[in-house]
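To keep things clear, I will list the structure first and then write my remarks on it.
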Amino acid sequence: MSNLTITEADLHAYVDGALPQARRAEVETYLAARPQEAGRVQAYRRQNEELHRLFDPVLDEPVPERLRVPLAARRRFFPLRYAAVVAWITLGGVIGWQLSGMQHPPSTNSAAFARRAAIAHIVYSPEVRHPVEVGADQETHLVNWLSKRLGAQLKVPHLGELGYTLVGGRLLPGDTGPVAQFMYQDAKGLRLTLYVRTNAEDARETAFRFARENKIGVFYWLDGRLGYALSAEIAKDELLRVATAVYRQLNP
Amino acid sequence: MEEFGTQVVPHIPRLRRYARALTRERTAADDLVQDTLERACNKLHLWRRGSDLRAWLFTIMHNVFINQVRGRKVAADVPLNDEIMELPGHMAQADRLEIRDLDAALARLPDEQREVLLLIALEQMSYQETAKALGIPIGTVMSRLSRARERLRGIMDGAPEVTTLKVIK
């Protein structure tokens with residue numbers, strides 16, 4: 001009995017019911033021979049009981065209205081999102097200016113669309129902490145939210161068979177209104193983005209077109225009311241393979 | 001977001017209980033809960049489905065609480081004069097009898113000890129979960145728990161309080 005080593009931590013774990021049975025018995029043996037320590041442990045137990053007696057009634061109180069308002073309705077101003085928009089505009093300007101001299105000029109709407117997609121890819125794909133606004137774990141919410149904002153029913157392609165999993169998505173400002181960006185990544189962390197906008201004027205279908213903005217390859221096409229651009233820093237053939245899979249999933 | 005709301009709702013009563021014990025004031029407690037829920041909404045992308053939502057919410061509440069306390073301390077540090085410095089000593093004398101209930105005794109614990117004690121004794125978190133929620137090593141959890149319980153016991157037993165306040169002439 002006297003050679004038992006009981007630490008202060010053991011006594012607290014005993015009070016909190018966190019000890020395995022064998023150890024609990026050892027603590028009880030130890031306390032049986034030490035009334036002062038036993039009294040202290042008893043006092044701690046009473047504290048636990050008293051805390052429950054005092055505060056457990058809160059659990060049964062009706063939750064006040066202000067805490068029950070649908071959580072979605074109470075989104076406030078986000079400094080982070082604001083910062084992202086500023087970064088977007090600034091970086092977009094810088095990259096756009098850099099790109100303008102090097103590549104084919106954005107002579108048509110669709111080429112400008114590919115460029116915007118490439119810029120969005122460059123801005124968000126390196127993000128480590130905030131690559132997306134809504135993660136893939138809430139895919140249904142993500143799709144519903146972006147569909148609502150774009151005013152068109154969106155679908156998110158699943159590219160798992162090609163080795164790319166969905167990270168999530170975000171809402172971006174486009175030339176004529178909101179644009180959606182879905183992000184994917186492979187096992188090595190290589191990221192693809194699918195940029196989706198609504199086609200206000202030219203609701204038609206086009207073939208795949210390819211553009212390269214710096215190192216970023218972009219396949220883009222129009223499909224009725226929606227325009228798509230798939231961007232990644234990968235070989236053209238691989239990107240085409242993914243773009244084809246995306247197209248097939250969107251047009252089953 | 002709607003889905004997140006549905007998942008959070010069952011945790012609200014426990015968040016309220018903890019907040020009440022932490023602040024011991026109804027309005028302040030619900031303010032703390034409301035700020036916590038709002039912050040959770042804004043940081044939703046940082047939460048991974050399948051991970052422990054309750055632990056995550058308590059971590060956020062801890063951060064909100066600490067920020068509030070820091071804000072208050074800065075404000076409270078401004079008026080420094082002898083009259084105010086003497087006050088706590090007198091109060092300790094006058095309140096001696098009332099302090100003997102645990103509710104009032106809790107208020108005499110430093111915030112960091114009160115948080116640890118409440119997460120363990122009231123919320124029944126494990127020592128490991130508490131360490132994670134508060135972002136401190138488990139050894140620190142144990143020493144704060146030990147000091148919190150001993151200090152409460154001292155106050156409840158009517159042991160004279162050691163005044164840590166230095167009177168500057």
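The values are calculated or read from the model by the stated rules, or taken from the named source; none is laboratory data. Because the structure is a prediction, the values reported are computed rather than measured. Note: ideal-geometry Cβ built from the backbone for every residue, glycine included; neighbour counts use all protein chains shown. Accessible surface areas use protein heavy atoms only, side chains included; no ligands, DNA or RNA. Shrake-Rupley method; radii C 1.70, N 1.55, O 1.52, S 1.80 Å.
Suppose R0 equals 35 Å. What FRET efficiency, 1/(1 + (r/R0)^6) with r the Cβ-Cβ distance, do A:T7 and B:D52 give to the nearest 0.05? The calculated FRET efficiency here is 0.80.
Highest-first packing order for the peptide set A:13-25, B:49-61, B:25-37, A:56-68 is B:25-37, B:49-61, A:13-25, A:56-68, based on the mean count of other beta carbon atoms within 10 Å.
Sorting B:T130, A:T140, B:T23, A:T29 by solvent-accessible area of protein heavy atoms yields A:T140, A:T29, B:T23, B:T130, largest first, with a 1.4 Å probe. Averaged over the residues of A:172-179, the number of partner chain Cβ atoms lying within 10 Å of the residue Cβ comes to 0. Averaged over the residues of A:58-66, the number of partner chain Cβ atoms lying within 10 Å of the residue Cβ comes to 5.
Just list whichever of A:K148/B:K43; A:K188/A:K215; A:K236/B:K43; A:K188/A:K236 have alpha carbons separated by over 25 Å in the model shown. From A:K148/B:K43; A:K188/A:K215; A:K236/B:K43; A:K188/A:K236, over 25 Å: A:K236/B:K43. Note on the stretch A:32-53 and the stretch B:14-59: Cα centroid distance 30 Å, given to the nearest whole angstrom.
Rank A:F55, A:A32, A:Y44 by how far each Cα sits towards the positive end of the charge dipole of the stretch A:8-60 (+1 on Lys, Arg Cβ; -1 on Asp, Glu Cβ) and give me just the farthest. Checked the options; the winner is A:A32. For the pair A:Q249 and A:K188, a Förster radius of 25 Å applied to the C-beta separation gives a FRET efficiency near 0.65, rounded to the nearest 0.05. Neighbours of A:A235 by Cβ distance under 13 Å: Lys/Arg scored +1, Asp/Glu scored -1, total +1.
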